[in-house]
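The values are calculated or read from the model by the stated rules, or taken from the named source; none is laboratory data. Worth saying up front: this structure is predicted, and the values here are computed from it rather than measured. Every residue, glycine among them, receives a Cβ derived from its backbone with ideal geometry; neighbour counts consider all protein chains shown. Keep in mind that these areas ignore ligands, DNA and RNA; they rest on the heavy atoms of the full protein, side chains included. Shrake-Rupley method; radii C 1.70, N 1.55, O 1.52, S 1.80 Å.
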Amino acid sequence: MRLCDIHLNFSTDKGTKHSYIDYYDELFDDIKNEKLNVMEIGVLFGGSLKMWETYFVNSQIYGMEDFSQKTGQSYYNNAPVVSEEIIKDLENIERINLFNISCEDIQEVEQQTSGIIFNVIIDDASHDPDQQRLNMSTFLKKVAKGGIYICEDVRTDSIADGLVELAKIVQPSCKAYYKRWSKKRDDRMVVVRL
């Protein structure tokens with residue numbers, strides 16, 4: 001199964017507004033059938049979590065979103081984000097685990113994710129550069145050796161360069177780089193391999 005064959009079945013912009021799907025197919029092809037812990041920060045409607053659950057057939061899928069709307073997103077493309085419905089929908093899927101917390105609440109993140117080592121973490125949260133830096137500083141330490149950390153929707157090349165340098169500070173032995181496409185202004189991602 002390939003992501004390019006299934007992603008349109010889910011409410012996600014990874015292959016429509018952005019150009020990530022083909023690259024993800026290449027990046028994850030060798031590990032998609034393994035038992036992994038995969039987390040996406042920034043859930044919105046939950047479409048990408050369902051996509052990952054379908055693609056990573058033997059993995060636990062985790063999502064982190066602040067559904068309180070204190071810092072979360074309440075509208076997307078003029079559609080309301082109805083948190084109760086999204087939470088109920090995701091909780092009915094056996095291999096999806098939801099952290100209903102702000103990714104910026106470091107103490108709560110540590111408490112909720114204690115004891116979990118992630119093989120893949122994808123930051124698709126607010127796309128704010130300050131939050132991307134905070135998330136990388138916090139979550140890169142939670143990625144297993146041989147794992148992958150990805151920060152999507154990076155606004156500029158200079159921000160991407162800064163995130164690459166930050167990754168090398170947080171995890172000196174990592175390999176970090178960024179990929180850029182041309183669908184949108186922020187159609188780039190930073191990839192960190194541990």
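Odds and ends about this structure:
- Taking the criterion of being touching a Lys or Arg at 6+ places or on another chain (Cβ under 9 Å) and at pLDDT 85 or above, the residues of the range 48-89 that qualify are S48, M51, E53, Y55, F56, V57, N58, S59, Q60, I61.
- Residue in the range 151-159 that is touching a residue at least 60 places away in the same chain (Cβ under 8 Å) and closer than 15 Å to E40 by Cα present: yes
- Enumeration of residues in the range 133-143 that are closer than 14 Å to L194 by Cβ and open to solvent by 20 Å² or more (accessible area, probe 1.4 Å): K141, K142
- Any hit, the range 16-25, residues being crowded, with 17+ Cβ neighbours inside 10 Å, modelled with pLDDT of 90 or more and among the β-branched types (V, I, T): no
- L49 part of a helix (DSSP H, G or I), open to solvent by less than 10 Å² (accessible area, probe 1.4 Å) and either more than 21 Å from V109 (Cα to Cα) or among the hydrophobic types (A, V, I, L, M, F, W, C) (or both): yes
- Check on R95, closer than 22 Å to K14 by Cα and open to solvent by 70 Å² or more (accessible area, probe 1.4 Å): no
One line per residue, one yes/no per condition, for (1) free of Cβ contacts under 8 Å to residues at least 12 places away in the same chain; (2) open to solvent by less than 20 Å² (accessible area, probe 1.4 Å); (3) more than 17 Å from V43 (Cα to Cα):
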| position | (1), (2), (3) |
| --- | --- |
| L90 | no, yes, no |
| N100 | no, no, no |
| V109 | no, yes, no |
| T113 | no, yes, no |
| I117 | no, no, yes |
| D123 | no, yes, no |
| D161 | no, no, yes |
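- Among the numbered conditions (1) farther than 27 Å from N58 by Cβ; (2) charged (D, E, K, R); (3) surrounded by 19 or more Cβ atoms within 10 Å (Cβ to Cβ); (4) at pLDDT 95 or above, the only one that R188 does not meet is (4).
- Per the conditions (1) among the hydrophobic types (A, V, I, L, M, F, W, C); (2) out of contact with any strand residue (DSSP E or B) (no Cβ under 7 Å at 6 or more places or on another chain); (3) under 20 Å from H18 (Cα atoms), the sole criterion not satisfied by I121 is (2).
- For I150: the one exception among (1) in contact with a Lys or Arg (Cβ under 9 Å, 6 or more places away or on another chain); (2) assigned to a strand (DSSP E or B): (1)
- Options S173, S182; residue that is open to solvent by 60 Å² or more (accessible area, probe 1.4 Å), farther than 24 Å from I61 by Cβ and either in contact with a helix residue (DSSP H, G or I) (Cβ under 8 Å, 6 or more places away or on another chain) or modelled with pLDDT of 95 or more (or both): S173
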